[in-house]
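Note sheet for the following structure.
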Amino acid sequence: MSSPMDDFGLNFEQIRILYSFEYFLVQEDITKETEFIKKQLKRRWLNLWRESVENFLSSIASNDLERNDCFLYTDYSSLEESVERMKQFLERSRPLYSILLELSLFIIYTPFGTHEDEQFRNLKLSEAFRPKIIEQIGFFANELGIEIGYVKLFKTDYKMWSDVITGSNNNPFKVIIGGLIGGAVLAAVAAAIAIPILVPLLAPILAPGLSGAAAISVVLAALGGGAIAAGGFGMAGGMAVIVGGGAILGAGAGTGVGSLFANSPDLAVREAAKFLVTFNDIILPQKDVEKQEIAHSAREIIRRQRNTINELEGQISEMQMNRDSNSEQINNLQKVVKYFRKSLEISQNLLKEFLQIYG
């Protein structure tokens, strides 16, 4: 029996491919950077990011073969070969779309949470690359065998769902269509989360065995690259990470991700918006899956949403009865529940429309 998390999982090689595409996306910006000092800083950032990502890959490797392959593809022809192998053995195309979604929303020049950040603080996409970034991601989409139009679709729908969930036009996690994804956006994420809170919550999940600066950089690299959790949540064998907002399905009381959202409801908005993009643009329209199976999977996903909300509401009730509870955390959890309830309402309506069309 498949798990609802199967629709939100990537295996080791798929996440390696995702990060490698992100590596080449940053490389393209560096190539177009005309200011020498900025170019050098960007190269240094990329080297640190690559080291962090490879540490993350090492942390999720489950066998000797994966442990020997904890490196990004830095030769593009090797990446192309890996993508072709992946496509050849895929039974369904869903992981390809998940890779493109995370790539489309990738936040370049993320902070690392260390003393290195100050020198990278003002880094942003070069003037020459900013209007070309969608075109570049579209090139990667073509490598994955996906229509280029999905890049703009993912970006516009992510922005739309973020606004709907919050009821605001001032959401700090908006992704502008012109390709304005840069360090400032993840800086807002990091500020909202508070790095000292973030690392102990996620390090055991994303960076087992690491501590200090290494753990910090792995956690933030993983968040920036799209991975929110390694394993866990009863995922099927072979799935290494959760992407596409799937973390909200396992964010109940007592989980590291649930605690993360309790300390950063803004991150819950980001993940809930990604979840709705995945649900509406990737899962429901699948052409290589029977409609009956899609409906069954969608119902299970919605059931998982309800369970998460119920668990969080139970946690709020317990905290309210405990005099020593942190009132700020209670308020944050109430916000998270509000966002998740809105996400649940939307996904229920999307499934209802799907069933009206396909029965």
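The values are calculated or read from the model by the stated rules, or taken from the named source; none is laboratory data. A quick note: this is a predicted structure, and the numbers were derived from the prediction, not measured. Here Cβ is always computed from backbone atoms with ideal geometry, including for glycine, and neighbour counts include all displayed protein chains. Heavy atoms of the whole protein, side chains included, go into the accessibility calculation; ligands, DNA and RNA do not. Shrake-Rupley method; radii C 1.70, N 1.55, O 1.52, S 1.80 Å.
Can you confirm whether Phe21 is at pLDDT 95 or above, open to solvent by less than 50 Å² (accessible area, probe 1.4 Å) and under 19 Å from the mean Cα position of the chain (by Cα)?
yes
Output the residues belonging to segment 144-166 that are surrounded by fewer than 19 Cβ atoms within 10 Å (Cβ to Cβ), touching a residue at least 24 places away in the same chain (Cβ under 8 Å) and under 25 Å from Lys32 (Cα atoms).
If the condition is that a residue be surrounded by fewer than 19 Cβ atoms within 10 Å (Cβ to Cβ), touching a residue at least 24 places away in the same chain (Cβ under 8 Å) and under 25 Å from Lys32 (Cα atoms), then Lys152 is the only one that fits.
For every residue, the table says whether it meets (1) over 18 Å from the mean Cα position of the chain (by Cα); (2) assigned to a helix (DSSP H, G or I).
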{"residue": "Ile17", "(1), (2)": "no, yes"}
{"residue": "Thr34", "(1), (2)": "yes, no"}
{"residue": "Ser52", "(1), (2)": "no, yes"}
{"residue": "Ser58", "(1), (2)": "yes, yes"}
{"residue": "Cys70", "(1), (2)": "yes, no"}
{"residue": "Leu79", "(1), (2)": "yes, yes"}
{"residue": "Glu84", "(1), (2)": "yes, yes"}
{"residue": "Ile99", "(1), (2)": "no, yes"}
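Residues to consider are Leu72, Leu79, Leu101, Leu57; find the one that is in contact with a Gly (Cβ under 7 Å, 6 or more places away or on another chain), touching a residue at least 40 places away in the same chain (Cβ under 8 Å) and open to solvent by less than 60 Å² (accessible area, probe 1.4 Å).
Of Leu72, Leu79, Leu101, Leu57, the one residue that is in contact with a Gly (Cβ under 7 Å, 6 or more places away or on another chain), touching a residue at least 40 places away in the same chain (Cβ under 8 Å) and open to solvent by less than 60 Å² (accessible area, probe 1.4 Å) is Leu101.
Checking Glu147 against (1) assigned to a loop (DSSP other than H, G, I, E, B); (2) at pLDDT below 90: exactly one of these is not met. Which one?
Failed condition: (2).
Go through segment 111-143 residue by residue and tally those that are open to solvent by 50 Å² or more (accessible area, probe 1.4 Å) and in a helix (DSSP H, G or I).
Number satisfying all stated conditions: 7.
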